[in-house]
Amino acid sequence: MSCLNPSNSFSAYNKEKLIRLAELYSVDFSIVELVALEHQLSTYILDMRSSEEFSSLDNIADLAKQFVKAKKDIVYPLVHQLLVLALTLPVTTATVKRAFSAMKIVKHRLHSKMGDDWLNDCLVPYIEKEVFDLVPNEAVMQHYQKMQNRMQSL
């Protein structure tokens with residue numbers, strides 16, 4: 001992702017690494033798009049280095065904003081797609097790490113005696129704490145009190 005960093009007139013730019021990143025995300029980039037991306041990247045870097053409005057940028061987030069503002073996302077749609085991917089990867093990675101960390105804690109506490117569905121049901125409130133903190137305990141208690149008895153006589 002540092003290959004897209006606009007600081008020092010895109011000094012960290014590396015076309016091969018950017019194409020490799022796109023290849024890793026074959027769901028987002030087809031084979032035809034990869035070929036087109038290679039051509040777009042060649043033109044893109046020349047355009048960015050010669051443009052005054054992009055020379056003063058310091059990070060990828062500012063680049064993405066200016067990219068859309070200057071309507072370069074229309075000229076270089078695949079490069080824009082790569083920029084969006086580069087901006088979302090850190091967030092996605094952190095979320096996955098947090099989920100696995102939570103799973104490790106919950107699974108350990110229950111000594112691995114549960115099925116996948118039950119594990120998933122236990123993990124959702126643990127991982128999404130911010131959402132579940134907004135639900136008052138009284139509302140949960142009332143919901144369970146209103147449920148009918150599920151036990152039946154044999």
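Read-outs: derived from the displayed coordinates by stated rules, not from any lab. All figures in this text were calculated on a predicted structure; none of them were measured in a lab. A quick note on method: Cβ atoms are made from the backbone with ideal geometry, for glycine too, and the neighbour counts reach across all protein chains shown.
Below, the figures for the structure above:
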{"read-out": "Additional length obtainable on full extension of the chain from K71 to F132, 0.36 nm per residue less Cα span", "value": "18.0 nm"}
{"read-out": "Set of aspartates and glutamates with alpha-carbon distance to K146 below 13 Å, sequence-local pairs under 8 removed", "value": "E138"}
{"read-out": "Distance (nanometres) between label positions extended 7 Å along Cα→Cβ at T88 and E52", "value": "3.5 nm"}
{"read-out": "Sorted by Cβ neighbour density within 10 Å, fewest at the top, the residues R20, R49", "value": "R20, R49"}
{"read-out": "The stretch 2-89: radius of gyration over Cα atoms, expressed as a fraction of 2.2 N^0.38 Å", "value": "0.99"}
